[in-house]
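Asks: Structure incoming, see below.
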Number of protein chains: 2
Amino acid sequence: MEIQKPYLLFLGDAHDPLAAKVAQGINQWHPEYCAGQYRMPDCAADLGLTDMDIAQAKEAGVKTLVIGVANRGGIISDKWIDILTQALEAGMDLAAGLHNKLNDIAELKTLADSLGRNLFDVRFPTQSFPVANGLKRSGKRVLPVGTDCSCGKMYTALAIEQEMLARGIKASFRATGQTGILISGSGVSVDAVVADFISGAVEQITPANDADHWDVVEGQGSLFHPSFAGVTLGLIHGAQADALVLCHEPTRTHMRGLPTYPVPEIQTCIDACLAAARLTNPAAHFVAISVNTSQLTKAQAQECLAEIEAEFALPAVDPFRQGVGRIVDALALLSETAVGKPVKEREKI
Amino acid sequence: MEIQKPYLLFLGDAHDPLAAKVAQGINQWHPEYCAGQYRMPDCAADLGLTDMDIAQAKEAGVKTLVIGVANRGGIISDKWIDILTQALEAGMDLAAGLHNKLNDIAELKTLADSLGRNLFDVRFPTQSFPVANGLKRSGKRVLPVGTDCSCGKMYTALAIEQEMLARGIKASFRATGQTGILISGSGVSVDAVVADFISGAVEQITPANDADHWDVVEGQGSLFHPSFAGVTLGLIHGAQADALVLCHEPTRTHMRGLPTYPVPEIQTCIDACLAAARLTNPAAHFVAISVNTSQLTKAQAQECLAEIEAEFALPAVDPFRQGVGRIVDALALLSETAVGKPVKEREKI
């Protein structure tokens, strides 16, 4: 599944800027994919892109209208259908990551089929996947893992890819969730795959590659989240990561959505993730800690990062505040020293 | 999903007795569910049940024809369709756990719908499940976990349920795979659930119960199997087991299907399963080791069991050779001493 670019980002009738955060993410990480934005009259979001109607977007060569907004309820609104229909008629595909499917709206489905257009419901995988084989693949992989859900794993991965590409390092972000798929244009929502095929799906989206190529795999969930840990374990096994980055939000008092479950200690999470990762890649190492300090002042953030860095003897950064240069430094070091060496030697690094 | 009893076990054109092992399992564990067997002329399997055609089965009050045979390829054979059609017309439901679905065979689906009959494809869950909430439920739960797939977890669970019921202990086998579902008449194939809902599905099939009731949950896979470990972790978290039983096949040289992956050490597996189980039930304990000694002589088996028992200070039995009396003894002890006591005290037991 590869969504064709460039995109028209559909902001619809977003009731506030946050409702358009998917569109914002696409524009932040891949402005070169974004030809313009479509705002309905009552839209409260604005990405600062050129406003376009469907005819103007067609003129600008847009290939896909991406629904970059979530209304209350996270479903495709009836009010959008006319515009989506126009886009199909103008030759565009449609892409969305919402709870209901473009493909389940008969009007859109029939029209798309008759015109030969694609409807991408990126939350719902349509491919079938093989069972994971656990075989070592060429190329290198880095995976952010978290003490909890929603603590910065996607942001960290996208920032690492961007920094690597800026340094001329071969790198590909591998999306494992719907927002990541819309941002990058491909990937699989692994939490929506049939359970037997979690690791197999991840193996498939991180295939064998050049020895000096990095897959930067989007992390999901946490081994310590009782609702979703199975997804996380399958993802860790399938990714066969050479390098892990621990993602943490230091002010959180309990696991997301579960008030009776405390957030694990960083060391506990490191130990568990490393044990899991080493099943399929005995050379797996933690290279850094990525801390989401958005709830802290600048001074608190600096103190927090210094403490974590001292305690765990790993670079600790907030990717949003400081960038991921030091994480990529650590990964580059790992590449130079470890590539091609047998596991025993790498263990010593 | 509750499959109505009694059953007519359909052995079809089984090419050897092993091909009818699902039917054999149903008859072994629940002979009271089995009114008779249906054998086609070239059937090489025989369970020793009364042979019945569809008219005789109807006369005997059969509610469901269960396909208890797997032909080469594991699909529903064209040669069976006439008989399955007759069964629907005689008022029976159909149940199967094969790779293709009864519901995908237009002839059967149309007929079943028109007659108001049910087609149970137990490999494919049709319900939707909630995300797991991780909340403690009343009642007790025991879960077999394995060093590998296919090493005796279902057999161990069924034997524990049988022994508990024979002793007058309240117990329910909770099936998590297609064979277990056909044997017991209900359950969910957790490896076929959407990944986000593994733990939620397990929570749903092991609901709150009487304080002295045991759910005996069928185990799946292994935390050390790189293809399926996500399913196992979700199952462990959802089950919130008070008691774990480690299942092991001592002659296996590598993980099933993966020649480059060694079977983990028993202690390694115990440690990992216990850490996982204690996330959702801090009182989780291993109570026994269940050893599949089918590849050993009687003398070898006795030696193997004695060694394991001495090394791990837990009862070690082969459920097939010795029964699970000692496992149920350990569970009964856990009930008497631990029920209602706070976690701190239980930890000491």
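Asks: Rank these by accessible area, largest first, 1.4 Å probe: B:Glu309, B:Glu265.
Replies: Accessible-area ranking of B:Glu309, B:Glu265, largest first: B:Glu265, B:Glu309.
Asks: Let me ask another. Using Cα-Cα distances under 8 Å and only pairs 6 or more residues apart, what relative contact order does region B:30-119 have, in percent?
Replies: This gives 24 percent for region B:30-119.
Asks: Place a +1 charge on the Cβ of each Lys and Arg in region A:132-206 and a -1 charge on the Cβ of each Asp and Glu, then give the dipole magnitude about the Cα centre in debye, rounded to the nearest 20. If you can, show how the numbers build up before the last one.
Replies: On the way: 8 positive and 6 negative charges, 84 e Å.
Taking the Cα centre of region A:132-206 as origin, the dipole is about 400 debye.
Asks: Can I ask one more? For region A:218-337, what is the relative contact order in percent, using Cα pairs closer than 8 Å and at least 6 residues apart in sequence?
Replies: Over region A:218-337, the number comes to 24 percent.
Asks: Given only helices, namely DSSP H runs of n ≥ 4 each adding -39500 (n - 2.57), what is the per-residue ellipticity at 222 nm of chain A, to the nearest 500 deg cm²/dmol?
Replies: Theoretical 222 nm ellipticity from helices: -10500 deg cm²/dmol.
Asks: In addition: Solvent-accessible area of B:Glu2, probe 1.4 Å, all protein chains present, reported in Å² to the nearest ten, please.
Replies: 100
Asks: Please report, for B:Leu274, the nm distances (one decimal) from its label point, 7 Å out from Cα along the beta-carbon direction, to the equivalent points in the remaining copies, shortest first.
Replies: 2.1
Asks: Continuing with this model, one more query. Which entries of B:Lys58/B:Lys170; A:Lys58/A:Lys170; B:Lys63/B:Lys101; B:Lys63/B:Lys136; A:Lys153/A:Lys298 have Cα-Cα distances beyond 30 Å here?
Replies: Details: B:Lys58/B:Lys170 33 Å; A:Lys58/A:Lys170 33 Å; B:Lys63/B:Lys101 20 Å; B:Lys63/B:Lys136 37 Å; A:Lys153/A:Lys298 21 Å.
Listed pairs above 30 Å: B:Lys58/B:Lys170; A:Lys58/A:Lys170; B:Lys63/B:Lys136.
Asks: Could you sort the peptides A:144-155, B:99-110, B:35-46 by per-residue average Cβ neighbour count (10 Å cutoff), highest mean leading?
Replies: Highest-to-lowest ranking by the protection proxy: A:144-155, B:35-46, B:99-110.
Asks: Cβ under 15 Å from B:Ala166's Cβ, B:Ala166 left aside: what net charge do those residues give with Lys, Arg +1 and Asp, Glu -1?
Replies: Details: positive: B:Arg167, B:Lys170, B:Arg326; negative: B:Glu32, B:Glu161, B:Glu163, B:Asp329.
Here the count lands on -1.
Asks: P(r) of region A:107-157 in 5 Å steps, Cα pairs, percent per bin?
Replies: Spelled out bin by bin, region A:107-157 gives 4, 12, 10, 11, 18, 17, 9, 12, 7, 0 percent.
Asks: Using +1 on the beta carbon of Lys and Arg, -1 on that of Asp and Glu, and nothing else charged, what's the dipole of region B:74-219 about the Cα centre, debye to 20? Intermediate results must be reported in sequence, preceding the final value.
Replies: Numbers: 13 positive and 18 negative charges, 97 e Å.
For region B:74-219, the charge dipole is close to 460 debye.
Asks: Moving on to the next point. Can you list residues from other chains, or at least 5 along the same chain, whose modelled amide H is less than 5 Å from the amide H of A:Phe173?
Replies: Long-range HN contacts for A:Phe173: A:Val216.
Asks: Moving on to the next point. Please arrange A:Lys136, A:Lys170 by accessible surface area, largest first, computed with a 1.4 Å probe and ligands excluded.
Replies: On the way: A:Lys136 120, A:Lys170 85 Å².
Largest accessible area first, the list is A:Lys136, A:Lys170.
Asks: If each label sits 7 angstrom from Cα along the C-beta direction, how far apart, in nm, is B:Gly61 from its counterparts in the other copies?
Replies: Going from nearest to farthest copy, the values are 7.6 nm.
Asks: Can I ask one more? Helix B:229-239 versus the longest principal axis of chain B: what angle, 0 to 90°, nearest 10, using Cα atoms?
Replies: Approximately 80 degrees, to the nearest ten.
Asks: At R0 = 30 Å, how high is the FRET efficiency between B:Asp329 and B:Arg137 if r is their beta carbon distance? Nearest 0.05 is fine.
Replies: E(calc), rounded to 0.05, equals 0.75.
Asks: Which whole-Hz ³J(HN,Hα) couplings does region B:102-111 yield from phi under the Karplus relation 6.51 cos²θ - 1.76 cosθ + 1.60, θ = phi - 60°, glycine and proline marked x?
Replies: 3, 5, 8, 8, 3, 4, 6, 4, 4, 5
Asks: Let me ask another. Whole-Hz ³J(HN,Hα) for each residue in region A:91-97, computed from phi via Karplus 6.51 cos²θ - 1.76 cosθ + 1.60 with θ = phi - 60°, x for glycine and proline: what do you get?
Replies: Per residue, the Karplus-derived 3J(HN,Hα) values read x, 8, 7, 10, 9, 8, x Hz.
Asks: Along the charge dipole of the protein assembly as shown, Cβ charges K/R +1 and D/E -1, which of B:Ala20, B:Cys34, B:Gly221 sits furthest on the positive end?
Replies: B:Gly221
Asks: Still on this model: Heavy atoms of the protein only, probe of 1.4 Å, neighbouring chains included. What is the accessible area of A:Tyr7 in Å², nearest 10?
Replies: Here the residue's solvent-accessible area equals roughly 0 Å².
Asks: Considering the convex hull of the alpha carbon atoms of region A:72-144, report its projected area averaged over all viewing directions, in nm², one decimal.
Replies: 8.1
Asks: Compute the Rg to Rh ratio over region B:47-171 from the alpha carbon atoms, using the Kirkwood formula for Rh, and round to two decimal places.
Replies: 1.05
Asks: Considering the Cα trace of region B:189-279, what is its radius of gyration and what is Dmax, both in angstroms?
Replies: Calculated on Cα positions, Rg and Dmax stand at 13.9, 45 Å.
Asks: Okay, moving on. Starting from one equal scatterer on each C-alpha and no solvent at all, send me the Debye-based log10 I(q)/I(0) for the protein assembly as shown at q = 0.07, 0.12 Å⁻¹, two decimals.
Replies: Results for the protein assembly as shown at q = 0.07, 0.12 Å⁻¹ read -0.54, -1.34.
Asks: Further question: Report Rg(Cα)/(2.2 N^0.38 Å) for region B:1-106, keeping two decimals. Display every interim value, and only then the final one.
Replies: Working: Rg = 12.3 Å, N = 106, 2.2 N^0.38 = 12.9 Å.
Against the compact-globule rule of thumb, the ratio is 0.95.
Asks: Tell me which residues come under 5 Å, amide H to amide H, from B:Val263 once H is placed; ignore anything under 5 positions away on its chain.
Replies: Long-range HN contacts for B:Val263: B:His254, B:Met255.
Asks: Whose amide H sits under 5 Å from the amide H of B:Leu223, counting only residues 5 or more places off or on another chain, with H placed in the peptide plane?
Replies: Answer set, sorted by chain and number: B:Gly146.
Asks: Right, another one. Which whole number gives the average, over all residues in A:232-239, of C-beta atoms from other chains lying within 10 Å of the residue C-beta?
Replies: Mean inter-chain Cβ contacts per residue within 10 Å come to 5.
Asks: Right, next: List the equivalent ellipsoid semi-axes of chain B in whole Å, largest first, each obtained as the square root of 5λ for an eigenvalue λ of the Cα gyration tensor.
Replies: 36, 22, 19
Asks: Next question. Grab the other residues whose beta carbon is less than 13 angstrom from that of A:Val190, score K and R as +1, D and E as -1, and report the net.
Replies: My count for the surroundings of A:Val190 gives -2.
Asks: Okay, next question. Mean separation of Cα pairs under 8 Å and 6+ residues apart, divided by the residue count of chain A: what relative contact order is that in percent?
Replies: The value is 14 percent.
Asks: Hey, another quick one. Suppose each label sits 7 Å from its Cα in the direction of the beta carbon; what would the A:Ala44-A:Ala306 distance come out to in nanometres?
Replies: 4.0
Asks: Using a probe radius of 1.4 Å on heavy atoms only, what accessible surface per residue do you get for the protein assembly as shown? Whole Å² is fine.
Replies: On a per-residue basis, the protein assembly as shown sits at 41 Å².
Asks: Measure nothing fancy, just the Cα-based angle from helix B:298-312's long axis to the longest principal axis of chain B, in degrees from 0 to 90, nearest 10.
Replies: Tilt relative to chain B: about 50 degrees.
Asks: On to the next question. How tilted is helix B:325-338 with respect to the longest principal axis of chain B? Cα atoms for both, answer in degrees (0 to 90, nearest 10).
Replies: Taking the Cα atoms of chain B, the angle to B:325-338 is about 60 degrees.
Asks: Here is a follow-up. Based on the alpha carbon coordinates of region A:114-218, what radius of gyration and maximum Cα-Cα distance (Dmax) apply, in Å?
Replies: Expressed in Å, the Cα Rg and Dmax of region A:114-218 come to 14.4, 47.
Asks: From the phi of every residue in region B:132-140, what ³J(HN,Hα) in whole Hz does the Karplus formula 6.51 cos²θ - 1.76 cosθ + 1.60 yield, where θ is phi - 60° and glycine or proline is x?
Replies: Result, rounded to whole Hz: 4, 9, x, 7, 4, 10, 6, x, 10.
Asks: Using protein chains only (no ligands, no nucleic acids) and a 1.4 Å probe, work out which residues of region B:190-205 have their accessible area cut by at least 50 Å² relative to the chain alone.
Replies: In region B:190-205, residues shielded by partner chains: B:Asp191, B:Ala195, B:Asp196.
The values are calculated or read from the model by the stated rules, or taken from the named source; none is laboratory data. Computed from a predicted structure; not experimentally measured. Neighbour counts run over all protein chains shown; Cβ positions are idealised from the backbone, glycine included. When the accessible area is computed, the model is the full protein with side chains, heavy atoms only, and any ligands, DNA or RNA have been set aside. Shrake-Rupley method; radii C 1.70, N 1.55, O 1.52, S 1.80 Å.
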